Every structure is written in structure tokens, then in C-alpha cells.
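The values are calculated or read from the model by the stated rules, or taken from the named source; none is laboratory data. None of the values given here were measured: they were computed from a predicted structure. A quick note on method: Cβ atoms are made from the backbone with ideal geometry, for glycine too, and the neighbour counts reach across all protein chains shown. Side chains included, ligands, DNA and RNA excluded: accessible areas come from the protein's heavy atoms. Shrake-Rupley method; radii C 1.70, N 1.55, O 1.52, S 1.80 Å.
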Amino acid sequence: MLVNGPTLLVLAALVLCYLVTGLARRLNVRCLSESIPPEFEGVFDPGQYRRSQEYLRAGARLEQLRESFDTLLACGFVLAGGIGWADALARGLAGSLGLGELGTGLIFLGGLGLAQAVLSLPFDIYSTFRLEARFGFNRTTPGLFIADRLKGLALGAVLGGALCSGVIWAYMRMGSVAWLVAWGVVAGFSALMLWLGPAWLLPLFNRFTPLEPGELREAIEAYAAGHSIGLDGIFVMDGSRRSAKANAFVTGLGRRKRISLYDTLLDRLSNEQVVAVLAHEVGHSVRRHILKGFAVAMLKTGLLLAVLQAMLASAPLQQAFGAAQPSVHVGLTVFALAYQPLALLLAASANALSRRFEFEADAFAADTPERAGALSGALKALSVANLANLTPHPLTVWLHYSHPPVLERVRRLEGASRPR
Ligand SMILES: [Zn+2]
């Protein structure tokens, strides 16, 4: 057993996060109310409304179980000296392969990543084939599930391996400016993903077909022309391969903007409502939300990499976790565990920014009372389709919601759709 100041500190960090997210979940379930909010009367029928609440409860139970398991496992791993043990194992393996410090780091981090993927597999399987299936969402076949996992692992190995190599190399070779070099590596990598990801990575998982000519396409093009917006492409994504849930998104940096509409969205919304959803997505690019979000994320990354540099300089700290000699990969792992409470706070602040962007995109879309009404109608239809929770607890919203609660969005839009 490794019981000392640093390991207890990491344990306290993990337990604190567990308690806070568990409390949020409990309050969220308790916040469910029997009565349908007036804005949603006639949208949700009482049976569907009860079903949406049952869906939330079932999801909360599974999340609680998953987090209990993860927290116990992480605490046990740290206390039992798992980090030092994995480090020795990686060193032995790298030695027999003739690899150096960088290779050791990649084996260590890759091994932990693989173990995590395997251990979360039962929860993923239960979530997809039991929970989502029970509520009529799941469309994923076992074959597709396995293919998705394998593709995800291969991508993680290639992309994660490249990123980790860059960061480990920077901290090994660049001395006092290592965090700056690592920052450049991470920022360059993230920009590349933002730029090329949509065109390269998403087609590995889904098929994108250009929206076919017809009334909807004409309506969308008329909207774009009326707002002097140049579209790179409007695509329909076969989201129905995996789930009946509906969505839409815009991706890309600079001029390369792809608008993707789930096929499940087109099934459920009128043409006016699809145009309104698209107008919301266009609002994100016109207001430069992707770029702003990226800039904020990179500022945080720089800060974290500077703190990591200070931590890596302390050899006794790493020995406290059972590592025979200090290394970048062990420092990185200890840091990733210890900074969880800060990560929760940083994610909450990123979510707060994202919620502001969502209101801005809604306001952009609601340029006429008719369009405001269409967007509000679309949000309501999607809430029913996705069995959304209409009454989340503020703590859950603050911690986890990247979008404002749908009721708040609908209220604002209905204010804007009333004749002025
Ligand atoms: Zn949005």
C-alpha cells in the first residue's frame, strides 16, 4: 500500500469529484416534476413525458454505477502502487524491444488507454444494447458496435500516439521552454483536427451524402443567399445507423464549413423547421463560435502544460506513486488524476461559454418572428424525439450542460416570435 501525502491528495481529488457529480445527479433526479411545463403541453403527451423521466432515471443509475466503479478502480490502482508497477512493466517491455524513453512512455500510456477501453466495455454494451434499446433509440448492430470500437482504438493509437510522442519529446528535450513547445504541439495538432477532422475522420464512421435537390434544398439555399452566406456543402448524415436520436452540427475552421443534418432530423421536422435549425448552425459560424471556443481551450491548455512542467521537475513526487525513476509519462498520469477537480471546474466554465454561444446562435436564427417560431417548434419536436429532460437541476446544468435547458431556449424564442 502506498499511503503518503501525494497519493492521499490524488485520492481526495478523485473522491471529491465523485461526490460532487454524484450529488448533481441525485438532485437532478429529484428535480423531475410530475406536471408538464405549459410550453410543452400538447407537445409531450403524458405517456411520453413519463417515459422521458424514466429514461433520465435509468441513465442516472447507470452513470452512478459507472462512476463508482471507475473511482474505486482508480483509487485502488494508485494505493496498490499500480502506477509504479505499470511503469516497470513498460520499461521491461520497451527494453526487450530495444526502445528508449519515448517508446517506454508510449507503451505505458497506450497500455493504460487500452485497459481503460476494455474496462468500460461492459458499461458501453449495457448502455447501447439495453438502456438505449429499451427506450427505442438503439439502431446499432453488434457488428457495427465492434467495428466502431476497433476503428476508435486504431484512431486512438495513431492520433493519440502522435500527440503523446510530441508532448513527451518536448518535455524530454526542450528544458525550461518545454511547456511552450508542448503547447505549440498540442495547438497545432488540435487545429489540424479541427480543420481536417470533419473531412477525414467523420466519414470513417458515417456516410455523408449531399442533400438532394428539391424543396428543402431550395429553401436552404434561399436562406443562405438572403443572408449572404457561402456554404461549402449541406450534407445528410446517416445517423439512423446508430440511433433514432436526431441532431445537426457545423464543423470546420475558416472557410471550410460543413453543415451536417442527421437523416433522423429530416424525418421529424418540417422544411421551415430544418431551415431554422440550419440558421442556428449558421449563427455559430457567423459569430465565430468555433474559433472562439478553440482559443479559450488553447489558453487553458497552455496553463495546464505550464503547471505540468512544474510537477515534472519534482522527482520525489513521482517516487511517491511507486515509480523507480521520474519520467514524463508517469508525471503526466499523476497530473491527469490530481487535476480532476480543476478539470471539472474548467469543463463547467467551457460549458457556460458554450451555453452563451447557443443563445447567440438562437438569436441569430430568430431574425424574423416566423423563424423564431419555427426554431422553437423544432426544439420541441427534438426534445420529444430525444426524450430530453425538461427540468434539469441547476447544478447539473452548470457542470454538464453545453446547451441551455431546452425550456429556457423555447421561452426566449417564443418571446421573440410574438408579433412586435
Ligand atoms: Zn448550437
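For the reader, a short list of remarks on this structure follows.
- If you go through the stretch 381-415 and keep only what is in a loop (DSSP other than H, G, I, E, B), within 16 Å of the ligand (Cβ to nearest atom) and among the hydrophobic types (A, V, I, L, M, F, W, C), you end up with just Ala388.
- Taking residues in the stretch 276-301 that are of a type in the set (Gly, Ala, Ser), and partners anywhere that are open to solvent by less than 40 Å² (accessible area, probe 1.4 Å) and more than 11 Å from the ligand (Cβ to nearest atom), the pairs with Cβ atoms closer than 6 Å and at least 6 places apart or on different chains are Ala276/Ala374; Ala276/Ala378.
- The stretch 76-90, residues that are assigned to a helix (DSSP H, G or I) and open to solvent by less than 20 Å² (accessible area, probe 1.4 Å): Val78, Gly82, Ile83, Gly84, Ala86, Asp87, Ala90
- Residue within the stretch 278-291 that is under 30 Å from Val410 (Cβ atoms), more than 16 Å from the ligand (Cβ to nearest atom) and not in a helix (DSSP H, G or I) present: no
- The test for being closer than 27 Å to Leu180 by Cβ, within 16 Å of the ligand (Cβ to nearest atom) and of a type in the set (Phe, Trp, Tyr) holds for Phe294.
The rows are residues; the columns are (1) modelled with pLDDT under 90; (2) surrounded by fewer than 18 Cβ atoms within 10 Å (Cβ to Cβ).
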{"position": "Trp183", "(1), (2)": "no, no"}
{"position": "Val186", "(1), (2)": "no, no"}
{"position": "Pro203", "(1), (2)": "yes, yes"}
{"position": "Ala222", "(1), (2)": "yes, yes"}
{"position": "Val250", "(1), (2)": "yes, no"}
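- Just so you know, in the stretch 205-220 the residues that are in contact (Cβ under 8 Å) with a residue 40 or more places away in the chain and part of a helix (DSSP H, G or I) include one that is surrounded by the fewest Cβ atoms within 10 Å (Cβ to Cβ), and it is Glu215.
- Taking the criterion of being over 22 Å from the mean Cα position of the chain (by Cα), away from the ligand (no atom under 16 Å from the Cβ), part of a helix (DSSP H, G or I) and buried (at least 16 other Cβ atoms within 10 Å of the Cβ), the residues of the stretch 327-370 that qualify are Val328, His329, Val330, Gly331, Val334.
- Positions within the stretch 122-147 being surrounded by 14 or more Cβ atoms within 10 Å (Cβ to Cβ), part of a helix (DSSP H, G or I) and in contact (Cβ under 8 Å) with a residue 60 or more places away in the chain, in sequence order: Phe123, Tyr126, Ser127, Leu131, Glu132, Leu144
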